[in-house]
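A short reminder: the numbers here are calculations on the coordinates, not readings from a lab. Here the structure is a predicted model, which means the values were calculated and not measured. Here the Cβ is made from the backbone with ideal geometry for all residues, glycine too, and neighbour counts use every protein chain on show.
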Amino acid sequence: MARVSDATVVGLRAAGSAVGALLWCERRLATALATAAISATDPAVKIECATLARHADWRARQWFDVLPSQPGLDFAALVVEPADAPSVLRMGDAEAVASARGELVKWLADRTADLAARADAVGEGPTARAALRVHADLIADRALVARAGRG
């Protein structure tokens with residue numbers, strides 16, 4: 001088996017940190033929106049939050065699938081709250097997250113587009129492809145929220 005170079009480990013750690021941060025955000029968003037869907041009294045809000053929660057869960061699984069797994073990389077250290085996460089997401093309050101869902105989806109879309117560009121530039125194909133899939137889903141979610149007049 002070929003030895004993984006230190007430069008490769010550093011690159012994988014950087015990609016893993018970016019992916020892990022997005023995984024953390026999508027998990028938090030999915031949980032909060034699912035909770036909001038359960039407690040919502042407006043049927044339209046209930047359906048929208050449940051739909052967005054399912055989509056966030058799908059995106060979290062996409063990120064999980066591309067987390068690097070190499071010796072020297074600690075999974076638990078990769079999947080952490082990003083320092084620049086919106087405060088409403090960090091707090092995880094279901095009602096506040098539901099109210100800010102349009103802004104949160106936009107923030108995630110912007111961050112994912114940035115990761116797609118960076119991953120493509122350094123030749124990290126699986127991460128770039130996952131980011132493009134996730135970004136397309138986030139754009140669709142932005143349209144869903146906008147059609148509902150909440151984004």
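Numerical summary
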read-out	value
Leading residue by the ranking (surrounded by the fewest Cβ atoms within 10 Å (Cβ to Cβ)) among those in region 25-65 that are assigned to a helix (DSSP H, G or I) and of a type in the set (S, T, Y)	S39
Test: residue in region 81-94 that is in contact with an Asp or Glu (Cβ under 9 Å, 6 or more places away or on another chain), surrounded by fewer than 16 Cβ atoms within 10 Å (Cβ to Cβ), among the charged types (D, E, K, R) and assigned to a helix (DSSP H, G or I)	yes
Number of the exception - A130 against (1) within 13 Å of the chain's Cα centre (by Cα); (2) among the small types (G, A, S); (3) surrounded by fewer than 20 Cβ atoms within 10 Å (Cβ to Cβ)	(3)
Qualifying residue in region 94-115 (condition: closer than 15 Å to A15 by Cα and in contact with a His (Cβ under 7 Å, 6 or more places away or on another chain))	yes
Candidate set from region 111-127 (those that are in a helix (DSSP H, G or I) and touching a Leu at 6+ places or on another chain (Cβ under 9 Å)); member that is surrounded by the most Cβ atoms within 10 Å (Cβ to Cβ)	T112
